[in-house]
Every structure is written in C-alpha cells, then in structure tokens.
Amino acid sequence: MSDDQKFDPVQKPKHYNLHVSGVEAIEICEYMAFNAGNALKYCWRAGLKGNEVEDLRKALWYIKRGQRQMSIWQRLVRHLQRVVKPELFSDDEWQILTEMPALVFMAKVIEAEPDGLLARLFTRLNLKHWEKVVTDEIAKRTQA
C-alpha cells in the first residue's frame, strides 16, 4: 500500500498524521478547549499544508483569543470548585471528569521528538507559555 493510500483527505488527513510519534493531532486536540485545540492543530501541521509561518501565525491568533477568554473561565472554574463536590457525581462521571486520555498521547509525542515544537508546548499547558513558544518559532523560521 502506498503512503497516499494510508491517508484520507477527510477522515485521516496526511498533514495531521505525519508526526514521528504516530499520534494524530485530533487524539489530543479533541480533549482541549476550542482555541487551545486549534492552536495546537496549526502548530502540529505547520508547513505540511502550505505556508509554515502562516500556520504558526494562525496558532498565535488562537492562543491570544484563548487568553482573552481564559479569565472568564478561570472565574467560573473557581466558582465551580467551591460548589461542585465529588460526591455529587457517580463514580463513572467523576472518573470521566478527572481522567485525561490526551496525556497518554502527549507523552508519546514528547518521547518521539523531545525537542520539537509540540513537546515544547506540552511542557506547560498554559496559553501564555504557548504564545512565547510560537512567537519564538515564527521568529526562528522567518530568519532561516
């Protein structure tokens, strides 16, 4: 089977399935907030479907948008932490709330390419950190 036969433009796009870890972008992004997931998606595919720097700039746009929305969510989460108690949920519901399957995939990505852009993002799941990493990457790639 050729490489092109392994991919499908809708269900298994090549530009999201080429990471050396074998992990597909959606396996992590689907567990993230919308803006963070989109930022990661654009970092993941940077240069694989067009202009690399443009992809990184799009990621930065999502990161900055997510930062603006984060303060609202942080206030909501602080409120919920005061109100929501584990005993209010079934064991299954609480397990879903507390498990992060994406962490397994993130670990595979870091292991496969420890110094890569995605590994540098995963070291801190914080949009302020992501903004710096992606801004530095844009600067590095526009100088090259």
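The values are calculated or read from the model by the stated rules, or taken from the named source; none is laboratory data. For clarity, every value in this text was computed on a predicted model and none was experimentally measured. Don't worry about glycine lacking a Cβ; one is built from the backbone with ideal geometry, like all the others, and counts go over all protein chains shown.
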Check your understanding: Name the pairs: first residue in region 11-27 and among the acidic types (Asp, Glu), second residue surrounded by 15 or more Cβ atoms within 10 Å (Cβ to Cβ), Cβ to Cβ under 6 Å, at least 6 apart or on different chains?
Key -> Glu24/Tyr16; Glu24/Asn17; Glu27/Phe105
Review point. Taking only pairs six or more apart or across chains, which ones have beta-carbon atoms under 7 Å, a first residue in region 44-58 that is acidic (Asp, Glu), and a second residue that is outside any helix (DSSP H, G or I) and surrounded by fewer than 17 Cβ atoms within 10 Å (Cβ to Cβ)?
Key: Asp55/Gly47
Review point. Considering region 12-25 alone, what residues qualify as being crowded, with 18+ Cβ neighbours inside 10 Å, within 21 Å of Gly50 (Cβ to Cβ) and hydrophobic (A, V, I, L, M, F, W, C)?
Key: Ala25
Study note, to complete from the structure: Restricted to region 29-45 and to residues being among the aliphatic types (A, V, I, L, M) and either at pLDDT below 90 or surrounded by fewer than 18 Cβ atoms within 10 Å (Cβ to Cβ) (or both), the residue nearest to the chain's Cα centre (by Cα) is Met32
